[in-house]
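Visitor: What follows is a single structure, and I will ask about it in a moment.
Any read-out appearing in this document is the output of simple, stated calculations on the displayed coordinates, not a laboratory observation. Because the structure is a prediction, the values reported are computed rather than measured. Neighbour counts are summed over all protein chains in view; Cβ atoms, including those assigned to glycine, are modelled from backbone coordinates with ideal geometry.
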Amino acid sequence: MTDPDFITGLPKAELHLHIEGSLEPELMFALAQRNQVAIPFASVEDVRAAYNFSRLQDFLDLYYAGADVLRTAQDFHDLAAAYFDRAAADGVVHAEIMFDPQTHTARGIAFETVITGLLSAIAEAEAKHGMTVLLIMSFLRHLDEADAFATLEAAEPWLERIAAVGLDSSELGHPPEKFARVFAAARAKGLKLVAHAGEEGPPDYVLQALDLIGVDRLDHGNRSLEDPLLVTRLARMCMTLTVCPLSNLKLCVVGDMAEHPIDQMLRAGLRATINSDDPAYFGGYVGDNYRAVAAARGLDRGDLVALARNSFLGSFLPDAAVAEHL
Ligand code: HPA
Ligand code: ZN
């Protein structure tokens with residue numbers, strides 16, 4: 001049975017959200033017009049109709065194309081403000097949002113433009129919704145190590161405002177080991193470390209994320225389930241997995257929501273959480289993700305509370321703040 005009001009009313013943290021992936025088609029059109037940018041779609045319906053993916057790369061091609069309308073600090077502010085409004089309405093009281101600087105610097109948009117727009121929206125959301133927000137700067141793994149190092153250097157003036165670095169984009173063929181040195185440099189600067197692993201990539205990529213990067217949290221991690229020893233290890237170390245059910249469905253990581261392994265993860269003792277990933281592209285925000293997987297897998301209130309509790313335990317909030325949310 002789904003429990004929509006219970007789900008909305010459950011205070012939760014969102015730990016896996018790409019802010020560029022919250023760009024709704026309506027805002028894409030408005031920004032295209034405001035910035036005089038041509039987009040390859042005739043209408044909002046046209047954009048939504050294109051959101052049919054059979055693998056991660058299909059989605060990424062559209063995600064990077066869509067991000068081209070983002071040009072000014074005001075654009076990044078408006079993008080993030082729209083996400084915070086939606087998240088607050090879903091009962092999100094704490095969000096750790098990823099941004100991909102290279103998606104923008106590669107187009108000639110300054111790092112400063114991106115981050116000042118995001119930071120002003122964060123300040124506004126903290127005042128307006130009473131929520132807390134942390135920023136995760138994500139490296140694009142299809143680019144090389146030198147590009148990631150240049151991004152870390154560009155972030156230097158803003159490091160006080162960045163909680164963690166992450167690793168996203170095309171997983172297959174770009175294992176975590178490719179970025180071991182840049183993650184070590186980020187760790188030395190006091191940043192937390194997260195990485196997408198085991199979304200499309202094999203369990204070995206999850207092992208690399210643990211052993212060669214030393215991640216503090218794992219994004220997705222679904223394919224860990226193929227390796228029972230790895231599951232035991234993740235459970236024993238209380239590693240948080242940021243699971244994204246609607247993303248998994250849209251990107252064919254699962255064939256059907258009825259086959260989603262969220263309850264298998266919980267039963268195995270994994271600290272699984274529910275997140276929206278790229279809500280504008282995958283058909284729903286965090287509440288929709290809870291509802292979809294709860295209905296398909298028959299989760300009860302105890303499971304939902306456990307998932308929301310895991311979201312705070314897995315956050316990068318200080319211990320005292322975590323305790324206040326439990
Ligand atoms: N996986 C990998 N890279 C991404 C994603 C994702 O789901 N969303 C945005 N970049
Ligand atoms: Zn993601």
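Visitor: Quick one: putting +1 on the C-beta of Lys and Arg, -1 on the C-beta of Asp and Glu, what dipole do you get for region 53-136 around its Cα centre, in Debye to the nearest 20?
Guide: 40 debye
Visitor: Can you tell me the dipole magnitude for region 1-126 around its Cα centre, using point charges on the Cβ only (Lys, Arg +1; Asp, Glu -1), in Debye to the nearest 20?
Guide: Dipole of region 1-126, to the nearest 20 debye: 300 debye.
Visitor: Using Cα pairs closer than 8 Å and at least 6 residues apart in sequence, work out the relative contact order for the chain, in percent.
Guide: Once normalised by length, the contact order is 22 percent.
Visitor: Please report SER315, SER138, SER120 as a ranked list, fewest other C-beta atoms within 10 angstrom at the top and most at the bottom. Show your work: numbers first, answer last.
Guide: Details: SER315 23, SER138 27, SER120 16.
Ordered from fewest to most neighbouring Cβ atoms within 10 Å, SER315, SER138, SER120 come out as SER120, SER315, SER138.
Visitor: Can you tell me which of PHE99, PHE41, PHE316 moves the most in a GNM of the chain? Springs connect C-alpha atoms under 10 Å apart.
Guide: Residue with maximal mean-square fluctuation among PHE99, PHE41, PHE316: PHE41.
Visitor: Just give me a number: lysine pairs in the chain, eight or more positions apart or cross-chain, with C-alpha atoms less than 29 Å apart.
Guide: 9
Visitor: In debye, nearest 20, what is the charge dipole magnitude of the chain about its Cα centre with +1 on Lys and Arg Cβ and -1 on Asp and Glu Cβ, if you could check?
Guide: The calculated dipole for the chain is roughly 600 debye.
Visitor: Can you grab the distance from the C-alpha centre of region 256-325 to the C-alpha centre of region 47-98, Å, no decimals?
Guide: 20 Å
Visitor: Another question about this same structure. Relative contact order of region 59-166, please, whole-number percent, based on alpha carbon pairs below 8 angstrom and at least 6 residues apart. All intermediate terms of the calculation are to be shown ahead of the outcome.
Guide: On the way: 115 pairs, mean separation 34.1, N = 108.
Over region 59-166, the number comes to 32 percent.
Visitor: When a footprinting reagent is the concern and you count Cβ atoms within 10 Å, what order do THR103, THR240 take, fewest first?
Guide: THR103, THR240
Visitor: Which translational diffusion coefficient, to the nearest whole µm²/s, is obtained for region 202-253 from the Stokes-Einstein equation, given a Kirkwood hydrodynamic radius over C-alpha pairs, 20 °C and 1.002 mPa s?
Guide: Once the numbers are plugged in, D ends up at 189 µm²/s.
Visitor: Projected onto the charge dipole of region 1-64 (+1 at Lys/Arg Cβ, -1 at Asp/Glu Cβ, origin at the Cα centre), which of VAL37, LEU62, ALA13 gives the Cα projection farthest towards the positive end?
Guide: Projecting each Cα onto the dipole axis, the largest value belongs to VAL37.
Visitor: If you don't mind, there's one more thing I want to ask. Considering the chain as a Gaussian network with a 10 Å cut-off on Cα pairs, which listed residue, ASP144, ASP90, ASP288, attains the greatest mean-square fluctuation?
Guide: Highest fluctuation of the listed residues: ASP144.
Visitor: Which percent of the Cα-Cα distances in the chain go past 28 Å? If you can, show how the numbers build up before the last one.
Guide: Working: 18612 of 52975 pairs.
Counting pairs separated by more than 28 Å, the tail of P(r) holds 35 percent.
Visitor: Using a Gaussian network model on the chain with a 10 Å cutoff between Cα atoms, which of ASN248, ASN52, ASN289 fluctuates the most?
Guide: Maximum fluctuation in the GNM of the chain, among the listed residues, is at ASN52.
Visitor: Arrange ASP211, ASP3, ASP256 by Cβ neighbour counts within 10 Å, fewest through most, would you?
Guide: Least to most surrounded, the residues fall as ASP256, ASP211, ASP3.
Visitor: Then there is this: Please compute one quarter of the surface area of the Cα convex hull for region 179-229 and express it in square nanometres.
Guide: So the mean shadow area of the Cα hull is 3.3 nm².
Visitor: Go through SER22, MET237, HIS77 and say which Cα lies farthest out towards the positive end of the charge dipole of region 4-325; charges sit on Cβ, +1 for Lys and Arg, -1 for Asp and Glu.
Guide: So the residue we want is MET237.
Visitor: Starting from the Cα coordinates of region 143-231, work out the convex hull volume and express it per residue in Å³.
Guide: Working: hull volume 7.4 nm³, N = 89.
Here the figure is 83 Å³ per residue.
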